[in-house]
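Structure, as structure tokens:
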Amino acid sequence: MASLVSGVSKFFNIFSQNSKFLGHDFQQIRNYVGCRMRRDAKRRELAGKYAPERLRLVAIKRNNILPVEIRDLAEKQIQETIPRQSALRQLTFRCVVTSRPRGVVYRWRLSRIVFRDLADYNKLSGVQRAMW
């Protein structure tokens, strides 16, 4: 068993050192996921988890008909139990390819630059370049 493991590890060491193995060229894929994309993913997870409770408490807090004591209790509960990162206004729509926060086409979740590049080469379903 140990000889099998050592043989496999030697094979993968050779394979990783030489990118052109047996005539196949393995292209490195760029990964643009940075700290801001991870932070936004964390915020989306928290927002999904706490959204119903937060919405209920914010509605109670903003209701002018209720007594001030109840509204203060709701505000206190929001501050103590619900993370601030779970607010929906803190979510940023980002491009899934480049992680660019501005100029995002929401339907495809792509930035305008990537969208145009993919649309030019017919790589998006249902998108046709305008011709007149």
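The values are calculated or read from the model by the stated rules, or taken from the named source; none is laboratory data. Small disclaimer: the values here were computed from a predicted structure and weren't measured. Here Cβ is always computed from backbone atoms with ideal geometry, including for glycine, and neighbour counts include all displayed protein chains. Surface accessibility is based on the protein's heavy atoms, side chains included, excluding ligands, DNA and RNA. Shrake-Rupley method; radii C 1.70, N 1.55, O 1.52, S 1.80 Å.
Working carefully through the options LEU57, LEU46, find the one that is surrounded by 15 or more Cβ atoms within 10 Å (Cβ to Cβ) and in contact with a Pro (Cβ under 6 Å, 6 or more places away or on another chain).
Checking each option against the conditions leaves just LEU46.
State which residue is most open to solvent (accessible area, probe 1.4 Å) when the search covers only the range 73-113 and only residues that are in contact (Cβ under 8 Å) with a residue 12 or more places away in the chain, within 25 Å of SER125 (Cα to Cα) and aliphatic (A, V, I, L, M).
Going through the qualifying residues, I end up with ILE113.
Quick one: is ILE70 touching a helix residue (DSSP H, G or I) at 6+ places or on another chain (Cβ under 7 Å), at negative phi and surrounded by fewer than 14 Cβ atoms within 10 Å (Cβ to Cβ)?
The answer is yes for ILE70.
Filter the range 114-131 down to residues that are in contact with a Leu (Cβ under 9 Å, 6 or more places away or on another chain) and either assigned to a loop (DSSP other than H, G, I, E, B) or in contact (Cβ under 8 Å) with a residue 24 or more places away in the chain (or both), then give me how many there are.
Residues that pass the stated criteria total 2.
Going by what's in this entry, would LEU118 be described as closer than 30 Å to VAL33 by Cβ and under 15 Å from the mean Cα position of the chain (by Cα)?
Considered against the rule, which asks whether it is closer than 30 Å to VAL33 by Cβ and under 15 Å from the mean Cα position of the chain (by Cα), LEU118 comes out as no.
Somewhere in the range 120-129, is a residue basic (Lys, Arg) and surrounded by 12 or more Cβ atoms within 10 Å (Cβ to Cβ)?
no
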